[in-house]
Amino acid sequence: AGNNGCGSTSSPYISNCGFDGAGAILEHIYGSLKPRNNGALSGTFIEFSQAEFLTSPRSYGMDETAWIYVPKSCADGQTCKLHIAYHGCAQGYEKVGDKFVKNTGYNRWADTNNIIVLYPQAVATTLKNIESKATLPNSNGCWDWIGWYGADFDVKSGKQSTAMKKMIDRITSGFNPIDTPTGLDVIGTTDDSISLVWRQVSGASGYNVYRNVGKANSELISDTTFTDNNLNSGTTYVYTVKAVSSTGAESIFSQSVNAKTTGEPPAVETPSGLTVTRITSDSITLQWDSASGAQKYNVYRDGNKVADVSITSYTDTGLSSATDYLYQVSSVQYSQESQKSNEVEATTLTEKVCYNDNNFNHVTAGRAYHRLGYAWALGSDQNMGLYNIIQKTNLCKTKESYYIIE
């Protein structure tokens, strides 16, 4: 069942319209299927790290974790198909939670037809350089269809395609169900180490310990204890553990525990290089250099915090025109915040003239140009969509020969 009424066009864009889209897609691909399970699902939802298949996944528009649904029959050893369900734009986990994963109907068909369903997850990213050197935002967390993360986005060497192939290879190499470890606990802390213990899992060939999502051990752990060394003093960490089967398959994450090393926390590096990269009549865009160890950054306007971000840029919107603003940023590592950066001043523009027209007319009037079948805003190089008389765009001139999409 979807989350919205049939007439709704709002998030999460999963509607009840008397049409089983998941069933139609699956039967189109696999032929006639057994009736779907309309009762309680028999299988298991497993959240796993996409970072195992793509280093720094967020740099390439993929979330840190993804989901897979494994019917009980597949977990019990029956031969099963693998189906990949890509969510649409603005339907990733960061946008709608687990609604696409659990409410689109795929799992009900999978349950009765021996189909494992993989739900990879994309995320929104800031501006990315493509081959043309233009910059394009992927603010809706779409899968790469235009080249945000490389010119090879549509072939097997592309970052997202490569990651997906690795996931497929992992899943199809064999699934060996194994129980999740229980009883994870902290048994000791020092200034630079944390010791953990958990209960043994029957049939496990070893264990992996995860610190703040990333794997903490370099080799498989054969015992049910682990000491994590070379940590920062006075710092809180979050741990989970997974059991590993004889085939190398991992269980789902155990329950997490928080642990804090003793001593005083280290100083957090202050961000440097804060600059203003773009100004309009109602927005100011900032950029700065990354700080070592920073997990996120706080952005301050006129001394007041206005945002925290995980990237090294931020666009402050909804500002008054022709107004002076002062900005600083700080870095955050766990619960510690650095000193604020150097201060930069920026003044929003006064002029803003907008033109709501089709993309063909925008290009004809010199407000945009066309390339590769798309229209691009003059000056800002923003992608306006297809170059035709149907696609309409509201273009605003914020300074001479500079237009933005609003």
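What number of residues in the range 367-402 are within 24 Å of Thr348 (Cα to Cα), of a type outside the set (A, V, I, L, M) and out of contact with any helix residue (DSSP H, G or I) (no Cβ under 8 Å at 6 or more places or on another chain)? Before you say what the answer is, go through the steps one by one.
Pass one, the range 367-402, residues within 24 Å of Thr348 (Cα to Cα): 367-368, 376-384, 393-402.
Subset that is of a type outside the set (A, V, I, L, M): 367, 376, 379-383, 393-394, 396-402.
Narrowing further to those that are out of contact with any helix residue (DSSP H, G or I) (no Cβ under 8 Å at 6 or more places or on another chain): 367, 376, 379-383, 394, 396-402.
The number of residues fulfilling the criteria is 15.
For a quick check of your reading: which strands (runs of 3 or more DSSP E) sit entirely within the range 307-406 and have at least 2 residues that are of a type in the set (Lys, Arg)?
Per the criteria, 392-399.
For the range 336-346, state whether one or more residues are modelled with pLDDT under 90, of a type outside the set (Ser, Thr, Tyr), under 27 Å from the mean Cα position of the chain (by Cα) and not assigned by TED's automatic domain parsing to the domain that holds Val238.
Yes, that holds for at least one residue.
Which numbered condition in (1) touching a strand residue (DSSP E or B) at 6+ places or on another chain (Cβ under 7 Å); (2) at pLDDT 90 or above; (3) not assigned by TED's automatic domain parsing to the domain that holds Thr227 is the only one that Asn129 fails?
The failed condition is (2).
Return yes or no: is Thr236 farther than 30 Å from His83 by Cβ, outside the structural domain of Tyr334 (by TED's automatic domain parsing) and at pLDDT 95 or above?
no
Among the residues of the range 252-305, how many are within 29 Å of Thr350 (Cα to Cα) and part of a strand (DSSP E or B)?
Summing the residues that are within 29 Å of Thr350 (Cα to Cα) and part of a strand (DSSP E or B) in the range 252-305 gives 15.
Among the residues of the range 239-249, how many are at positive phi and in a strand (DSSP E or B)?
Residues flagged as at positive phi and in a strand (DSSP E or B) within the range 239-249 amount to 0.
Can Lys305 be described as without any contact (Cβ under 8 Å) to a residue 12 or more places away in the chain, farther than 30 Å from Trp145 by Cα and among the charged types (D, E, K, R)?
yes
May I ask you to say which residue of Ile311, Ile252 is touching a residue at least 60 places away in the same chain (Cβ under 8 Å) and within 30 Å of Cys396 (Cα to Cα)?
Ile311
What are the residues in the range 265-289 that are without any contact (Cβ under 8 Å) to a residue 60 or more places away in the chain and touching an Asp or Glu at 6+ places or on another chain (Cβ under 9 Å), if any?
Correct list: Gly273, Thr285, Leu286.
Applying the selection to the range 320-359, what residues are crowded, with 17+ Cβ neighbours inside 10 Å, touching an Asp or Glu at 6+ places or on another chain (Cβ under 8 Å) and under 21 Å from Lys399 (Cα atoms)?
Scanning the range 320-359 gives Tyr325, Ala346, Thr348.
The values are calculated or read from the model by the stated rules, or taken from the named source; none is laboratory data. Being a predicted model, the structure only gives us computed values, none of them experimental. Virtual Cβ from ideal backbone geometry, glycine too; neighbours counted across all protein chains shown.
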